[in-house]
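First the structure, in the form of structure tokens, and then the observations on it.
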Amino acid sequence: MDGDTTTDNKFKKAFKGRDADKIIYLYKRFMHEPLANKAHILGQQGATSGTNARAVQSTATKRGTAKGVGAINQQRTVDVIFDDPAKNGKDLYWDLYAAWQKGELIGLWRVDLNTLHGTKPNRKVQAQYSQSYVPNLPNTEALGGIVTSNLQFEVNGVERALNSDENAFELNEADFEDGVLDDLDKYYNYAHPSDIGTENGETIDKTVDDDTIEVQDTSTGEDVMGPAYKVVDNTNGSNPTSNPSTSDTSSGKSGDTSNTSPTV
């Protein structure tokens, strides 16, 4: 229009969908586990879905139909893909089986990594919380495949997602087990030859977070430390200046440390 100098809304915002692969579920058997335990990833992440429903009552009148809504009813469905439990580690399948057998309520968090913000180690992410039952625990044991269970969690009461100001609740990075926010897309860490092998008849994996080890900068060709590497004073017994990947003591871990199974 002539004379109109307004530039607002001149260009349409580019569309970007909400990434479904960044929705993950965590759980805690709060009726069984110690208060200090953090939430555990609900298996390797398969497809997830949920329903938020209210019963609708319809009453016919002479001119139209009057409707009213009833109580909230919610379900959360997670296709849980079970990983092989580490020796003496938490077995996710039996953990869920025990909750199913005992009829326990479990804490369930629907975490939206699309909303991850802040900087390590104080990042935050939006998360919905419910107390839910596991009424059914089916097993799918495909020929040549791995064990999965398509679990429908029945929400007891109403899931907590927004406060009274309609603002979303959040989890802090400290609420997650170590490395969860970074390692969701990693099946294992980078290894040097001396990190992996057999010892006394057992397979040993001494790898550490591969964001802490030395790498070559692909732009400059220089050797640099990973973004998560931090220099620690040697006086406290740590080993900050050597390559963390070559020393088990630098990570404070021993034995099989690469397994991503949730642990108590």
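The values are calculated or read from the model by the stated rules, or taken from the named source; none is laboratory data. Computed from a predicted structure; not experimentally measured. Cβ coordinates were reconstructed from backbone atoms using ideal geometry, including for glycine residues, and neighbour counts include every protein chain displayed. Just the protein is used for accessible areas: all its heavy atoms, side chains included, with ligands, DNA and RNA removed. Shrake-Rupley method; radii C 1.70, N 1.55, O 1.52, S 1.80 Å.
Data table
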quantity	calculated
Estimated inter-spin distance, Asn114 and Asp223, nm [label 7 Å along Cα→Cβ]	4.4
Largest to smallest accessible area among Glu202, Glu166, Glu104 [probe 1.4 Å]	Glu166, Glu202, Glu104
Net charge, Lys124 excluded, C-beta distance under 9 Å - Lys, Arg +1, Asp, Glu -1	-1
For Asp19, solvent-accessible area (1.4 Å; no DNA, RNA or ligand), Å²	60
Whole-angstrom gap from region 139-189 to region 20-91, using each part's C-alpha centre	9
Net charge of neighbours whose Cβ lies under 9 Å from the Cβ of Gly43, counting Lys and Arg as +1 and Asp and Glu as -1	-2
Accessible-area order (highest first, 1.4 angstrom probe) of the listed residues Phe153, Phe82	Phe82, Phe153
Cross-link partners of Lys22 among lysines (Cα-Cα below 26 Å; sequence separation of 8 or more within a chain)	Lys12, Lys13, Lys38, Lys90, Lys120, Lys124, Lys186
Point-charge dipole on Cβ atoms (K/R +1, D/E -1) for region 88-168, about Cα centre, debye to 20	340
